[in-house]
1. Select from region 38-59 the residues that are more than 20 Å from N168 (Cβ to Cβ), open to solvent by less than 30 Å² (accessible area, probe 1.4 Å) and of a type outside the set (F, W, Y) and list them in ascending order.
2. Output the number of the condition that D84 fails; it satisfies all remaining conditions of (1) in a strand (DSSP E or B); (2) over 16 Å from the mean Cα position of the chain (by Cα); (3) of a type in the set (D, E).
3. Filter region 1-29 down to the residues that are within 21 Å of T273 (Cβ to Cβ), in a loop (DSSP other than H, G, I, E, B) and in contact with a Phe, Trp or Tyr (Cβ under 9 Å, 6 or more places away or on another chain) and list them by number.
4. Does region 199-211 include one or more residues that are among the aliphatic types (A, V, I, L, M), under 26 Å from S57 (Cβ atoms), crowded, with 22+ Cβ neighbours inside 10 Å and touching a residue at least 12 places away in the same chain (Cβ under 8 Å)?
5. Residue pairs, Cβ under 9 Å, 6 or more apart or interchain, first in region 60-81 and at positive phi, second of a type in the set (V, I, T). List them.
6. Need pairs with beta-carbon distance below 6 Å; first residue closer than 16 Å to C292 by Cα and within region 316-332, second surrounded by fewer than 18 Cβ atoms within 10 Å (Cβ to Cβ) and of a type in the set (K, R); sequence gap 6+ or separate chains.
7. Checking the condition assigned to a loop (DSSP other than H, G, I, E, B) and surrounded by 14 or more Cβ atoms within 10 Å (Cβ to Cβ), which residue from E126, E144 passes?
8. Can you tell me how many residues in region 212-228 are within 23 Å of L100 (Cα to Cα) and open to solvent by less than 10 Å² (accessible area, probe 1.4 Å)?
Amino acid sequence: MNIDKFKTPYKYPSFLLEASGEKGDFSRFGIDIPFVFFHKKQFFMLCTGFNGIGYQSAFAVSDDLLHWKYRNLLLPPDQEKRWDSQNTGCACLLKEYNDLQHLPVLKKFQNKYWMVYESYPENGYEAGAAQIGLAWCEDDNLLEWHRLGEPILSWKDGDEWERGGLYNTCLIFYNDKFYLFYNAKDQNEVWKEQIGVVVSEDMFHWKRICDGPLLTVSENGFDSRFVSNPYLVKTDNKWVMFYFGFDNLHAQEGIAWGKDLLHWIKSEKPILTCGCKGEIDEIHAHKPCVICYNGRLYHFYCGVRKARQGEKNSIYGEVRGICVASSEPFEE
(Lines give C-alpha, C1' and ligand atoms only; values in the text may rest on other atoms or scores of the structure.)
Protein backbone atom coordinates (compact mmCIF):
# COMPACT_ATOMS: atom_id res chain seq x y z
CA MET A 1 0.00 0.00 0.00
CA ASN A 2 1.25 3.47 -0.86
CA ILE A 3 1.51 5.23 2.48
CA ASP A 4 2.59 8.59 1.02
CA LYS A 5 -1.00 9.83 0.95
CA PHE A 6 -1.18 9.38 4.73
CA LYS A 7 1.91 11.42 5.47
CA THR A 8 1.58 14.74 7.29
CA PRO A 9 5.01 16.39 7.06
CA TYR A 10 3.91 19.91 8.04
CA LYS A 11 3.85 20.38 11.81
CA TYR A 12 2.10 23.22 13.59
CA PRO A 13 4.91 24.91 15.56
CA SER A 14 3.25 25.19 18.97
CA PHE A 15 1.13 23.06 21.27
CA LEU A 16 -2.61 23.23 20.68
CA LEU A 17 -3.12 22.39 24.35
CA GLU A 18 -0.37 21.93 26.92
CA ALA A 19 0.14 21.15 30.60
CA SER A 20 -1.00 24.13 32.65
CA GLY A 21 1.33 23.89 35.64
CA GLU A 22 -1.46 25.25 37.83
CA LYS A 23 -2.10 23.53 41.16
CA GLY A 24 -5.52 21.89 41.24
CA ASP A 25 -5.89 21.87 37.48
CA PHE A 26 -6.68 18.53 35.84
CA SER A 27 -3.88 19.07 33.29
CA ARG A 28 -1.26 20.44 35.67
CA PHE A 29 1.47 18.04 34.54
CA GLY A 30 0.29 16.86 31.15
CA ILE A 31 -2.42 16.70 28.51
CA ASP A 32 -2.57 13.64 26.32
CA ILE A 33 -4.45 11.18 24.05
CA PRO A 34 -6.37 13.39 21.58
CA PHE A 35 -9.59 12.11 19.99
CA VAL A 36 -11.21 14.61 17.59
CA PHE A 37 -14.77 14.58 16.21
CA PHE A 38 -17.41 16.95 14.83
CA HIS A 39 -20.58 17.60 16.83
CA LYS A 40 -23.26 20.31 16.72
CA LYS A 41 -21.36 22.40 14.14
CA GLN A 42 -18.16 22.41 16.19
CA PHE A 43 -14.99 20.36 16.51
CA PHE A 44 -14.56 18.54 19.80
CA MET A 45 -11.40 17.05 21.24
CA LEU A 46 -11.50 14.42 23.95
CA CYS A 47 -8.23 14.57 25.91
CA THR A 48 -6.84 13.37 29.23
CA GLY A 49 -4.88 15.30 31.82
CA PHE A 50 -2.64 14.30 34.72
CA ASN A 51 -2.66 16.46 37.86
CA GLY A 52 0.08 14.68 39.77
CA ILE A 53 -2.37 12.39 41.58
CA GLY A 54 -4.53 10.82 38.90
CA TYR A 55 -6.19 11.18 35.53
CA GLN A 56 -9.28 13.02 34.39
CA SER A 57 -10.54 13.75 30.90
CA ALA A 58 -12.16 16.77 29.30
CA PHE A 59 -13.70 18.06 26.11
CA ALA A 60 -12.12 20.98 24.29
CA VAL A 61 -13.80 22.75 21.35
CA SER A 62 -12.58 24.56 18.25
CA ASP A 63 -13.87 26.17 15.07
CA ASP A 64 -10.70 25.72 13.02
CA LEU A 65 -8.88 22.65 14.48
CA LEU A 66 -5.98 24.86 15.61
CA HIS A 67 -7.35 27.02 18.43
CA TRP A 68 -8.91 25.08 21.28
CA LYS A 69 -10.67 25.95 24.54
CA TYR A 70 -11.60 23.54 27.30
CA ARG A 71 -15.34 23.05 27.60
CA ASN A 72 -16.07 20.64 30.45
CA LEU A 73 -14.52 17.90 32.57
CA LEU A 74 -15.69 14.29 32.39
CA LEU A 75 -16.13 11.43 34.89
CA PRO A 76 -14.71 13.07 38.02
CA PRO A 77 -13.25 10.97 40.85
CA ASP A 78 -15.79 10.00 43.50
CA GLN A 79 -15.71 8.80 47.09
CA GLU A 80 -17.37 5.48 46.42
CA LYS A 81 -15.17 2.43 46.46
CA ARG A 82 -15.77 1.57 42.83
CA TRP A 83 -13.21 -0.08 40.60
CA ASP A 84 -12.87 3.25 38.76
CA SER A 85 -13.20 5.74 41.60
CA GLN A 86 -9.52 6.77 41.67
CA ASN A 87 -9.04 8.17 38.17
CA THR A 88 -10.31 7.80 34.62
CA GLY A 89 -8.72 8.39 31.23
CA CYS A 90 -11.27 8.60 28.43
CA ALA A 91 -9.84 7.36 25.14
CA CYS A 92 -12.53 7.31 22.44
CA LEU A 93 -16.21 7.52 21.52
CA LEU A 94 -18.37 5.46 19.20
CA LYS A 95 -18.36 7.05 15.72
CA GLU A 96 -20.94 6.91 12.94
CA TYR A 97 -18.44 6.63 10.08
CA ASN A 98 -15.20 4.70 9.75
CA ASP A 99 -14.34 6.16 6.33
CA LEU A 100 -11.47 8.65 6.47
CA GLN A 101 -13.22 10.89 3.92
CA HIS A 102 -16.13 11.52 6.29
CA LEU A 103 -15.83 13.93 9.17
CA PRO A 104 -16.02 11.82 12.35
CA VAL A 105 -19.41 12.31 14.00
CA LEU A 106 -20.86 10.36 16.91
CA LYS A 107 -23.08 7.33 16.55
CA LYS A 108 -25.98 6.62 18.88
CA PHE A 109 -26.61 3.09 20.07
CA GLN A 110 -29.74 2.38 22.11
CA ASN A 111 -30.40 6.12 21.80
CA LYS A 112 -27.23 6.95 23.74
CA TYR A 113 -23.73 8.19 23.02
CA TRP A 114 -20.93 5.89 24.22
CA MET A 115 -17.44 6.57 25.50
CA VAL A 116 -14.69 4.09 26.41
CA TYR A 117 -12.31 4.82 29.28
CA GLU A 118 -9.66 3.14 31.37
CA SER A 119 -9.09 3.38 35.09
CA TYR A 120 -5.98 2.65 37.12
CA PRO A 121 -6.51 1.22 40.63
CA GLU A 122 -4.05 3.49 42.43
CA ASN A 123 -3.09 7.14 42.50
CA GLY A 124 -0.02 8.09 40.48
CA TYR A 125 1.23 7.95 36.92
CA GLU A 126 -0.26 4.80 35.34
CA ALA A 127 -0.24 3.19 38.78
CA GLY A 128 -1.37 -0.43 38.75
CA ALA A 129 -3.06 -2.56 36.11
CA ALA A 130 -5.81 -0.62 34.35
CA GLN A 131 -9.17 -2.01 33.25
CA ILE A 132 -11.55 -0.73 30.58
CA GLY A 133 -15.01 0.70 31.23
CA LEU A 134 -17.92 2.16 29.30
CA ALA A 135 -19.85 5.38 29.89
CA TRP A 136 -23.00 6.66 28.23
CA CYS A 137 -24.80 9.96 27.70
CA GLU A 138 -28.33 10.80 26.48
CA ASP A 139 -27.65 14.53 26.48
CA ASP A 140 -26.90 15.95 23.01
CA ASN A 141 -24.70 18.56 24.70
CA LEU A 142 -22.47 15.72 25.97
CA LEU A 143 -22.45 17.07 29.52
CA GLU A 144 -23.98 14.37 31.71
CA TRP A 145 -22.20 11.00 31.56
CA HIS A 146 -23.00 7.79 33.42
CA ARG A 147 -20.75 4.77 33.96
CA LEU A 148 -21.60 1.11 33.85
CA GLY A 149 -21.08 -0.63 37.16
CA GLU A 150 -18.26 -2.97 36.17
CA PRO A 151 -15.42 -3.07 33.63
CA ILE A 152 -16.25 -4.37 30.18
CA LEU A 153 -12.73 -5.73 29.72
CA SER A 154 -10.11 -6.74 32.26
CA TRP A 155 -6.55 -8.05 32.36
CA LYS A 156 -7.73 -10.55 34.97
CA ASP A 157 -9.06 -12.96 32.34
CA GLY A 158 -6.40 -12.15 29.76
CA ASP A 159 -3.19 -13.87 28.68
CA GLU A 160 0.33 -13.18 29.95
CA TRP A 161 0.98 -10.45 27.38
CA GLU A 162 -1.89 -8.34 28.81
CA ARG A 163 -1.63 -9.02 32.56
CA GLY A 164 0.01 -5.66 33.22
CA GLY A 165 -3.13 -3.75 32.27
CA LEU A 166 -5.36 -2.61 29.39
CA TYR A 167 -5.88 0.94 28.14
CA ASN A 168 -5.99 3.42 25.21
CA THR A 169 -8.75 2.00 23.03
CA CYS A 170 -10.36 2.41 19.62
CA LEU A 171 -14.02 1.41 19.23
CA ILE A 172 -15.32 0.43 15.77
CA PHE A 173 -18.79 -0.62 14.61
CA TYR A 174 -18.67 -2.65 11.39
CA ASN A 175 -20.92 -5.30 9.80
CA ASP A 176 -23.27 -5.33 12.81
CA LYS A 177 -20.47 -6.01 15.28
CA PHE A 178 -18.43 -3.91 17.68
CA TYR A 179 -14.64 -4.19 17.64
CA LEU A 180 -12.60 -2.82 20.51
CA PHE A 181 -8.87 -2.43 19.90
CA TYR A 182 -6.72 -1.81 22.95
CA ASN A 183 -3.21 -1.53 24.38
CA ALA A 184 -1.97 -4.22 26.70
CA LYS A 185 1.28 -4.58 28.59
CA ASP A 186 2.92 -7.54 30.27
CA GLN A 187 4.17 -7.70 33.86
CA ASN A 188 7.90 -7.60 33.20
CA GLU A 189 9.90 -4.83 34.86
CA VAL A 190 10.88 -3.62 31.38
CA TRP A 191 7.50 -4.33 29.84
CA LYS A 192 6.28 -4.56 26.27
CA GLU A 193 3.05 -3.04 24.97
CA GLN A 194 1.11 -4.58 22.10
CA ILE A 195 -2.34 -4.22 20.52
CA GLY A 196 -5.23 -6.62 21.01
CA VAL A 197 -8.85 -6.81 19.88
CA VAL A 198 -12.14 -8.09 21.27
CA VAL A 199 -15.52 -8.41 19.52
CA SER A 200 -19.10 -7.94 20.72
CA GLU A 201 -22.60 -8.01 19.31
CA ASP A 202 -24.07 -5.76 22.02
CA MET A 203 -21.09 -3.66 23.24
CA PHE A 204 -21.44 -5.05 26.77
CA HIS A 205 -20.21 -8.64 26.41
CA TRP A 206 -16.82 -9.00 24.74
CA LYS A 207 -14.92 -11.99 23.40
CA ARG A 208 -11.22 -12.37 22.66
CA ILE A 209 -10.93 -13.90 19.20
CA CYS A 210 -7.14 -14.06 18.76
CA ASP A 211 -4.60 -16.33 20.44
CA GLY A 212 -2.28 -13.41 21.14
CA PRO A 213 -1.74 -9.76 20.26
CA LEU A 214 -3.09 -8.52 16.95
CA LEU A 215 -0.18 -6.18 16.29
CA THR A 216 3.19 -7.14 17.79
CA VAL A 217 6.48 -5.40 18.42
CA SER A 218 9.28 -5.68 15.86
CA GLU A 219 12.65 -7.12 16.82
CA ASN A 220 14.82 -4.20 15.74
CA GLY A 221 12.38 -1.58 14.49
CA PHE A 222 11.19 1.79 15.74
CA ASP A 223 8.47 -0.23 17.52
CA SER A 224 10.74 -2.78 19.17
CA ARG A 225 9.22 -2.27 22.64
CA PHE A 226 5.80 -0.67 22.20
CA VAL A 227 3.10 -1.04 19.55
CA SER A 228 0.41 1.12 21.13
CA ASN A 229 -2.63 3.40 20.85
CA PRO A 230 -4.54 2.09 17.80
CA TYR A 231 -6.61 4.50 15.72
CA LEU A 232 -8.48 2.95 12.77
CA VAL A 233 -10.03 4.37 9.59
CA LYS A 234 -11.17 2.87 6.31
CA THR A 235 -10.15 4.15 2.87
CA ASP A 236 -10.03 2.67 -0.65
CA ASN A 237 -11.66 -0.55 0.63
CA LYS A 238 -8.79 -1.09 3.05
CA TRP A 239 -8.44 -0.60 6.77
CA VAL A 240 -5.65 1.60 8.03
CA MET A 241 -4.39 1.54 11.60
CA PHE A 242 -2.32 4.38 12.96
CA TYR A 243 -0.38 3.56 16.13
CA PHE A 244 2.83 4.54 17.84
CA GLY A 245 6.02 2.58 18.25
CA PHE A 246 8.66 2.99 20.96
CA ASP A 247 12.23 1.72 20.89
CA ASN A 248 13.36 2.79 24.39
CA LEU A 249 14.46 6.18 23.04
CA HIS A 250 11.64 7.79 21.09
CA ALA A 251 7.93 7.18 20.48
CA GLN A 252 6.91 7.79 16.86
CA GLU A 253 3.79 7.16 14.79
CA GLY A 254 3.47 4.03 12.67
CA ILE A 255 0.91 2.75 10.19
CA ALA A 256 -0.47 -0.67 9.25
CA TRP A 257 -3.09 -1.77 6.72
CA GLY A 258 -5.33 -4.74 6.05
CA LYS A 259 -8.28 -5.97 4.01
CA ASP A 260 -10.13 -6.83 7.20
CA LEU A 261 -9.91 -5.93 10.87
CA LEU A 262 -7.92 -8.99 11.94
CA HIS A 263 -4.95 -9.28 9.56
CA TRP A 264 -2.45 -6.46 9.35
CA ILE A 265 0.77 -5.53 7.58
CA LYS A 266 2.95 -2.90 9.26
CA SER A 267 5.13 -0.37 7.51
CA GLU A 268 8.74 -0.77 8.61
CA LYS A 269 9.29 2.98 8.98
CA PRO A 270 7.37 5.54 11.03
CA ILE A 271 4.92 7.78 9.23
CA LEU A 272 5.44 10.67 11.67
CA THR A 273 8.76 11.12 13.46
CA CYS A 274 9.74 13.07 16.53
CA GLY A 275 11.16 16.54 15.98
CA CYS A 276 14.61 18.06 16.13
CA LYS A 277 16.29 19.31 19.28
CA GLY A 278 14.36 22.17 20.84
CA GLU A 279 11.06 21.41 19.07
CA ILE A 280 7.88 20.62 20.95
CA ASP A 281 8.05 16.93 20.00
CA GLU A 282 11.82 16.43 20.27
CA ILE A 283 11.41 13.37 22.54
CA HIS A 284 8.12 11.78 21.46
CA ALA A 285 5.50 12.23 18.73
CA HIS A 286 2.83 9.66 19.55
CA LYS A 287 -0.81 8.66 20.24
CA PRO A 288 -2.50 9.38 16.89
CA CYS A 289 -5.88 10.69 15.82
CA VAL A 290 -6.18 11.39 12.08
CA ILE A 291 -9.08 13.14 10.35
CA CYS A 292 -9.67 14.63 6.90
CA TYR A 293 -11.19 18.11 6.59
CA ASN A 294 -11.45 20.24 3.43
CA GLY A 295 -9.28 17.79 1.56
CA ARG A 296 -6.33 17.85 3.96
CA LEU A 297 -5.24 15.45 6.69
CA TYR A 298 -4.87 16.58 10.27
CA HIS A 299 -2.77 14.21 12.38
CA PHE A 300 -3.27 15.01 16.06
CA TYR A 301 -0.80 13.55 18.50
CA CYS A 302 0.91 14.04 21.85
CA GLY A 303 4.25 15.84 21.63
CA VAL A 304 6.86 15.64 24.37
CA ARG A 305 9.93 17.84 24.79
CA LYS A 306 12.57 18.37 27.43
CA ALA A 307 11.63 20.68 30.28
CA ARG A 308 13.32 24.05 30.45
CA GLN A 309 14.62 25.71 33.58
CA GLY A 310 11.88 27.15 35.76
CA GLU A 311 8.93 25.52 34.00
CA LYS A 312 6.32 24.45 36.50
CA ASN A 313 4.26 22.34 34.09
CA SER A 314 6.90 19.63 33.68
CA ILE A 315 7.04 16.15 35.15
CA TYR A 316 9.95 13.72 35.04
CA GLY A 317 11.92 16.40 33.19
CA GLU A 318 9.42 16.58 30.32
CA VAL A 319 6.59 18.78 29.07
CA ARG A 320 3.79 17.19 27.07
CA GLY A 321 0.89 18.61 25.09
CA ILE A 322 -1.36 18.11 22.08
CA CYS A 323 0.16 18.76 18.64
CA VAL A 324 -1.02 18.55 15.06
CA ALA A 325 0.66 17.85 11.72
CA SER A 326 -0.95 18.25 8.29
CA SER A 327 -0.64 17.05 4.73
CA GLU A 328 -0.44 20.71 3.63
CA PRO A 329 1.50 23.68 5.00
CA PHE A 330 -0.11 25.85 7.64
CA GLU A 331 -0.66 29.48 6.78
CA GLU A 332 1.74 31.95 8.38
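1. Across region 38-59, the qualifying residue is only H39.
2. Among (1) in a strand (DSSP E or B); (2) over 16 Å from the mean Cα position of the chain (by Cα); (3) of a type in the set (D, E), the lone unmet condition for D84 is (1).
3. M1, I3, T8, Y12, P13, L16
4. no
5. L65/V36; L65/I291; L65/V324; L75/T88
6. As it stands, the answer is S326/R296; S327/R296; E328/R296, since those pairs meet every condition given.
7. On inspection, the qualifying residue turns out to be E126.
8. Going through region 212-228 one residue at a time, the tally reaches 3.
The values are calculated or read from the model by the stated rules, or taken from the named source; none is laboratory data. No experiment lies behind these values; they were computed from the predicted model shown. Neighbour counts run over all protein chains shown; Cβ positions are idealised from the backbone, glycine included. These accessible areas exclude ligands, DNA and RNA; they are computed on the full protein's heavy atoms, side chains included. Shrake-Rupley method; radii C 1.70, N 1.55, O 1.52, S 1.80 Å.
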